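A.B. asks: Structure below; questions to follow.
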Amino acid sequence: MPDRDRKFVIYANTAGACKAIRSLLLKAVPHTEPFYFSEREFLFAHMDGISKDETADFVLLFEFPAEDYANALLARKIQKRYPQMPVVYLLDRKNYVNMVANNNHRCFVPPPHSKRKILQAIDKVTGQFHIAKEAAKNIRTGQTIVVPNRYGNMILPANEILYCESVKRIVRFHTTGGIYETYAKLGDVEQRLPEHFVRCHQSYLVNFHYVKKVDKLELRLINDKTISVSQRKKKNVKYFLGKYDQPIPKSV
């Protein structure tokens, strides 16, 4: 069930279609009073009066006839203009796939429409939005990192990365669950990870939480993997040893 602070906007080609959707929505979500529009100018005028952050509190129910390419363009414009607003499209699967499936935070309800379908779609699309919002927050704070590869984008939790290794133009992420590769510069990766990752070598970036021992010019990880410490990066390692209250070997 949608939370009570959720607001709804309806857009359809005719006032009659808007009222029919409103009637169905009120059966699914009795506590709401949706806004509805059949003219795009009024829709934009209403939404432009709302702050960018507040648009995330709205769900747009968008109905348009099959193969209506003008409204398909409108749908893309709405998503570009209000990227934080989840959208439920009321149309059949074929037209959804062909015209709007690439838009963000979206779901569709094929005809015939019903209270149950509407409610399920609202729950799904708001769930997608919150997951995407949380993922974006984790990426911004360095809790996760996006790793593009040939199969798409992978999101790796930073606390599962043991170390990163740079080989020519490839960075390998050695994690508790396996090894993942991407084309990147190790310096760029370093900037996107939390501060407990230490650059101990030109080719290595180590998660200090997994360092078991510092021996001469090497870091030994909990899996007994040893990583070299270069002369140029000794100061970095000394800083982390002091920060984590570990004894500093004379060789470092």
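A.B. asks: Looking at ARG22, ARG93, ARG81, can you tell me which residue is surrounded by 12 or more Cβ atoms within 10 Å (Cβ to Cβ), free of Cβ contacts under 8 Å to residues at least 40 places away in the same chain and either at positive phi or in contact with a Pro (Cβ under 7 Å, 6 or more places away or on another chain) (or both)?
C.D. replies: One residue alone meets the criteria, ARG22.
A.B. asks: When you scan the range 193-202, do you find a residue that is at pLDDT 90 or above, aromatic (Phe, Trp, Tyr) and more than 15 Å from LYS238 (Cα to Cα), even just one?
C.D. replies: no
A.B. asks: I've got another one for you. So which strands (runs of 3 or more DSSP E) stay within the range 148-192 end to end and still have 1 or more residues that are in the same structural domain as LEU219 (by TED's automatic domain parsing) and touching a Pro at 6+ places or on another chain (Cβ under 9 Å)?
C.D. replies: Result: 152-157, 170-175, 178-183.
A.B. asks: Continuing with this model, one more query. Condition (residue is at pLDDT 85 or above, in contact with a strand residue (DSSP E or B) (Cβ under 8 Å, 6 or more places away or on another chain) and surrounded by 18 or more Cβ atoms within 10 Å (Cβ to Cβ)) applied to the range 230-244: is it met by at least one residue?
C.D. replies: Looking through the range 230-244, none of the residues is at pLDDT 85 or above, in contact with a strand residue (DSSP E or B) (Cβ under 8 Å, 6 or more places away or on another chain) and surrounded by 18 or more Cβ atoms within 10 Å (Cβ to Cβ).
A.B. asks: Additional query: Every residue in the range 150-181 that is among the acidic types (Asp, Glu) and under 23 Å from the mean Cα position of the chain (by Cα), please.
C.D. replies: Passing the criteria: GLU160, GLU181.
The values are calculated or read from the model by the stated rules, or taken from the named source; none is laboratory data. Keep in mind it's a predicted model, so treat the numbers as computed, not measured. Using ideal geometry, Cβ is built from the backbone for each residue, glycine included, and neighbour counts are taken over all protein chains shown.
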